[in-house]
Amino acid sequence: MLTIAIANQKGGVGKTTTAINMATAMAATGWRTLLIDLDPQGNASTGLGVAANARDVSSYDLLVDEVPIDEAFVGTSIPGLDIVPATVDLSGAEVELVSVEERTARLRSALTNHSGHDICFIDCPPSLGLLTLNALCAADTLLVPLQCEFFALEGLSQLLQTVERVQQRFNPRLDIIGVALTMFDRRNRLTDQVAEDVRDCLGSLVFETVIPRNVRLSEAPSHGLPALVYDHSCTGSRAYIALARELIGRFPPERQAA
Ligand code: ADP
Ligand code: MG
């Protein structure tokens, strides 16, 4: 299984929207896909229509109680897409795990030898705490959504430092598969300029596909559906399909098919 963490310690940059729609795009292409909701806010779970009373087992149980992964995921309305939902309990996990041995490796242990899915996305919370560290330790690679706004690059160096630390101490194979520019508004010259600056700074690390600001993307979660299902032809959905294609192109050659 190829495991991709979607992380950026800033809130509201499009992590969850990217996680939901990339997972949906991969499932639609025939990959047996797992999404792990690692944000106590549970937005990915809600956005995929997992009701609160259907979250008997959650990512909290996976991390804190070591419930086996096969007992932790539930199906979604999307064929081929399963999710380990999150509940508010998860906000306590950061504290509860502090005293636990191997506290950064809990998620990695949970996913070791799991063969029921081909690909796994981890939707991280907006911080660089223990939950995100667990995601980075469990992941093969990292996808960073970056909002096209003035302070986009601020904070990125902190994230990159964290990645380096994780590589050195816990997970040498971790790399960054790409940075995805989100909420791009081509009528706004500032976002255009920011996108250009980010490309100057990060070069080919930045995906060519840019996710536009698109109201359909923000409406979809309230219907419990990925935008790709809610309105598969809107500009946001089309961009995520293109991003998924570009993402697969960056997988190692032997991993490019499900
Ligand atoms: P994060 O997970 O990083 O906090 P979200 O994916 O939840 O970010 O996005 C924050 C808010 O912006 C949500 O209300 C979401 O629906 C909205 N949103 C995300 N991406 C877009 C986009 N490309 N266009 C318009 N709204 C978006
Ligand atoms: Mg989120």
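The values are calculated or read from the model by the stated rules, or taken from the named source; none is laboratory data. Because the structure is a prediction, the values reported are computed rather than measured. Positions of Cβ are backbone-derived with ideal geometry, glycine not excepted, and every protein chain shown enters the neighbour counts.
Summary of computed values
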item: Residue tally, condition part of a helix (DSSP H, G or I) and either within 18 Å of residue 35 (Cα to Cα) or of a type outside the set (Val, Ile, Thr) (or both), over the stretch 199-245; result: 29
item: Among (1) within 13 Å of ligand 1 (Cβ to nearest atom); (2) hydrophobic (A, V, I, L, M, F, W, C); (3) over 18 Å from the mean Cα position of the chain (by Cα) - the single one residue 194 does not satisfy; result: (1)
item: Candidates 107, 143, filtered to the one that is touching a helix residue (DSSP H, G or I) at 6+ places or on another chain (Cβ under 9 Å) and within 16 Å of ligand 2 (Cβ to nearest atom); result: 143
item: Any hit, the stretch 10-22, residues being among the small types (Gly, Ala, Ser), more than 16 Å from ligand 2 (Cβ to nearest atom) and outside any strand (DSSP E or B); result: no
item: Number of positions in the stretch 175-196 that are crowded, with 18+ Cβ neighbours inside 10 Å and part of a helix (DSSP H, G or I); result: 3
item: Among (1) within 27 Å of residue 95 (Cβ to Cβ); (2) away from ligand 2 (no atom under 13 Å from the Cβ); (3) not aromatic (Phe, Trp, Tyr), the one test that residue 1 misses; result: (1)
item: Residue within the stretch 223-244 that is more than 16 Å from ligand 1 (Cβ to nearest atom) and either more than 21 Å from residue 159 (Cα to Cα) or in contact (Cβ under 8 Å) with a residue 40 or more places away in the chain (or both) present; result: no
item: Checklist (1) of a type outside the set (S, T, N, Q); (2) more than 19 Å from residue 146 (Cα to Cα); (3) away from ligand 1 (no atom under 12 Å from the Cβ); (4) surrounded by fewer than 19 Cβ atoms within 10 Å (Cβ to Cβ) applied to residue 199, failing item; result: (2)
item: Members of the stretch 209-222 found to be farther than 17 Å from residue 41 by Cα and surrounded by fewer than 18 Cβ atoms within 10 Å (Cβ to Cβ), listed by number; result: 215, 216, 219
item: Selection status of residue 92, under 17 Å from residue 125 (Cα atoms) and within 16 Å of ligand 1 (Cβ to nearest atom); result: no
item: Residue that is nearest to ligand 1 (Cβ to nearest atom) [pool: residues in the stretch 26-41 that are surrounded by 24 or more Cβ atoms within 10 Å (Cβ to Cβ) and within 21 Å of residue 238 (Cα to Cα)]; result: 35
item: Which listed residue, of 169, 189, is of a type outside the set (Val, Ile, Thr), over 16 Å from residue 10 (Cβ atoms) and modelled with pLDDT of 95 or more; result: 169
